[in-house]
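Step one of this worksheet: look at the structure below.
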Amino acid sequence: MTALPQERRVVTAIPGPKSQELQARRTAAVAGGVGSVLPVFTTRAGGGIIEDVDGNRLIDFGSGIAVTSVGSSAEAVVRRASAQLADFTHTCFMVTPYEGYVEVCELLAELTPGDHAKKSALFNSGAEAVENAVKIARAYTKRQAVVVFDHGYHGRTNLTMGMTAKNMPYKNGFGPFAPEIYRVPVAYGYRWPTGPDNAGAEASAQAIDMINKQVGAENVAAIIIEPVLGEGGFIEPAKGFLPAIAQFAKDNGIVFVADEIQSGFCRTGQWFASEDEGIVPDLITTAKGIAGGLPLAAVTGRAEIMDAPHSGGLGGTYGGNPVACAAALGAIETMKELDLNAKAKRIEEVMKARLAAIQEKYDIVGDIRGRGAMIAIELVQSGTKDPNPAATAALAKACHAEGLLVLTCGTYGNVLRFLPPLVIGEDLLTEGLDILEQAFAGI
Ligand code: PLZ
């Protein structure tokens with residue numbers, strides 16, 4: 001197979017005729033509840049490019065929602081996963097174990113924040129990791145309550161739906177939700193009533209007061225937060241917020257869980273976004289970027305907490321599948337070898353400079369935020385902070401038509417987010433930003 005050229009190419013309307021044909025078949029056969037951001041059907045993907053059935057090549061600013069940080073066909077991932085496929089596809093780690101699982105857990109202990117003794121358990125999806133972090137925290141503390149935050153996202157299973165903040169599309173009509181989940185404010189600097197400088201202190205005080213008054217700290221098993229809130233709008237909690245919450249957890253025997261499923265594995269220019277404010281979580285959930293596109297997730301944390309559940313209390317048929325573990329070893333090797341933290345920081349530098357120039361010209365850009373290759377702009381109505389989901393959708397559509405895949409997010413649907421593979425070439429990155437700038441001129 002020839003290497004995928006790292007060049008944008010638009011040869012049909014997007015989606016093109018072959019994608020439209022497939023979309024018609026899909027509509028007849030695939031459940032309507034499963035959506036797609038852009039129904040172009042993929043044939044190949046790698047580096048910073050997605051190639052479709054019509055021969056178009058799109059610039060990828062999505063990485064399959066922050067998954068393919070090493071690209072969608074990274075050499076080490078393909079090599080290691082292919083070799084594993086040929087050796088054996090599955091035994092079930094709970095039946096007869098294999099080395100790859102252990103090796104991934106050893107690397108997680110090495111790479112996650114803190115130098116205490118750590119252990120891990122592996123699962124298939126982010127939601128499953130979050131579910132298991134809650135199980136482990138409950139077993140350890142012998143308490144039940146789980147505290148989550150405004151704008152938080154943790155998944156689509158019953159427990160994690162309840163933990164996710166946003167109703168549409170995630171929760172509407174799908175209740176009842178699991179009990180003992182409590183939501184408290186987060187320091188959303190851009191929208192904090194008294195301004196970003198006060199947000200960290202005020203929001204943490206409010207959150208702690210609510211926990212004390214409404215739940216009782218002694219009932220709380222776990223506080224779970226994304227160090228950069230992803231689906232909620234790439235919200236970086238204002239400085240001081242995360243350390244205050246982590247300290248409160250520590251003082252009250254509560255397990256502090258960082259959900260780094262979207263922000264982890266070099267995405268923000270560090271192995272984990274928690275590192276930015278020196279946070280050492282008791283437990284950390286990972287998925288997405290960990291395995292270069294294969295389904296793998298993990299809970300990693302303090303050995304004594306991880307060992308709290310009884311033997312046999314954690315597991316699942318496919319958790320830590322050998323092919324997914326081999327892919328993870330390839331992905332982590334790639335991150336180290338190519339120094340993808342440095343690449344993420346460079347992406348931030350290039351993006352933020354261009355986005356600042358766009359903001360100068362267009363006052364609907366209310367906020368530019370994020371770290372590394374997890375960058376977003378929040379779009380508002382001119383001269384206000386009122387959310388502008390219509391402009392957000394129009395910009396995304398204009399980018400798609402020109403062959404730039406971008407994603408949206410945010411509680412108000414007014415955030416355009418950029419999650420390029422960390423291995424994207426700087427020429428493609430710049431070309432993508434040119435397309436975005438043109439989109440602003442066109443709406
Ligand atoms: N925690 C922080 O970002 C997944 C969801 C896309 P799964 N985010 C993308 C969608 O619309 O379903 C995510 C996350 C954080 C947990 C999850 C859940 O991870 O692998 O999708 O279960």
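The values are calculated or read from the model by the stated rules, or taken from the named source; none is laboratory data. Values in this document were obtained by computation on a predicted structure and should not be read as measured data. Using ideal geometry, Cβ is built from the backbone for each residue, glycine included, and neighbour counts are taken over all protein chains shown. Just so you know, the surface numbers come from the protein's heavy atoms only, side chains and all, with ligands and any DNA or RNA stripped out. Shrake-Rupley method; radii C 1.70, N 1.55, O 1.52, S 1.80 Å.
Tabulated values for the structure
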item	result
Charge dipole (the stretch 342-424, unit charges on Cβ, about Cα centre) - positive-most of Leu422, Cys399, Ile364	Leu422
The stretch 76-337 - percent of accessible surface contributed by carbon and sulfur, probe 1.4 Å	52 percent
Highest-fluctuation residue, Pro237, Pro389, Pro179 considered, GNM on the chain with Cα pairs under 10 Å	Pro179
Magnitude of the charge dipole, the stretch 76-337, Cβ model with Lys/Arg +1 and Asp/Glu -1, debye to 20	640 debye
Length-normalised contact order of the chain in % [C-alpha pairs under 8 Å, at least 6 apart]	22 percent
Equivalent-ellipsoid semi-axes of the chain, from the Cα gyration tensor, Å, largest first	33, 28, 20
Difference of contour (0.36 nm per residue) and Cα-Cα distance, Thr96 to Ala303	72.2 nm
Taking the convex hull of Cα positions in the stretch 76-337, its mean projected area over all directions (nm²)	13.9 nm²
Computed FRET value (nearest 0.05) for Thr194 with Lys171, which takes r as the C-beta separation and R₀ as 45 Å	0.90
Mean Kyte hydropathy of 0.5 or more with a Cα span along the axis of at least 20 Å, helices from DSSP in the chain	322-337
Trypsin sites (Lys or Arg not before Pro) lying in DSSP loop within the stretch 148-254, provided at most 16 other Cβ fall within 10 Å	Arg156, Lys171, Lys239
Simple Cβ-charge dipole of the stretch 306-443, Lys/Arg +1 and Asp/Glu -1, about Cα centre, in debye nearest 20	240 debye
Positive-pole candidate from Ala29, Phe265, Phe123, dipole of the chain, charges at beta carbon	Ala29
Considering only the chain, percent of DSSP beta bridges that pair antiparallel, nearest 5	65 percent
Solvent-accessible area per residue, Å², over the chain with all protein chains present [probe radius 1.4 Å]	41 Å²
Spatial separation of Cα centroids for the stretch 377-417 and the stretch 197-263, in angstrom	28 Å
For the chain, size of Cβ-based charge dipole, Lys and Arg +1, Asp and Glu -1, in debye	920 debye
Largest to smallest accessible area among Glu231, Glu103 [probe 1.4 Å]	Glu103, Glu231
Solution diffusion estimate, µm²/s, Stokes-Einstein, the stretch 52-194, Kirkwood Rh from C-alpha pairs, 20 °C, viscosity 1.002 mPa s	112 µm²/s
Theoretical gain in end-to-end length, Glu360 to Val37 [0.36 nm per residue, Cα-Cα removed]	113.4 nm
The stretch 76-337 - share of DSSP beta bridges that are antiparallel (%, nearest 5)	45 percent
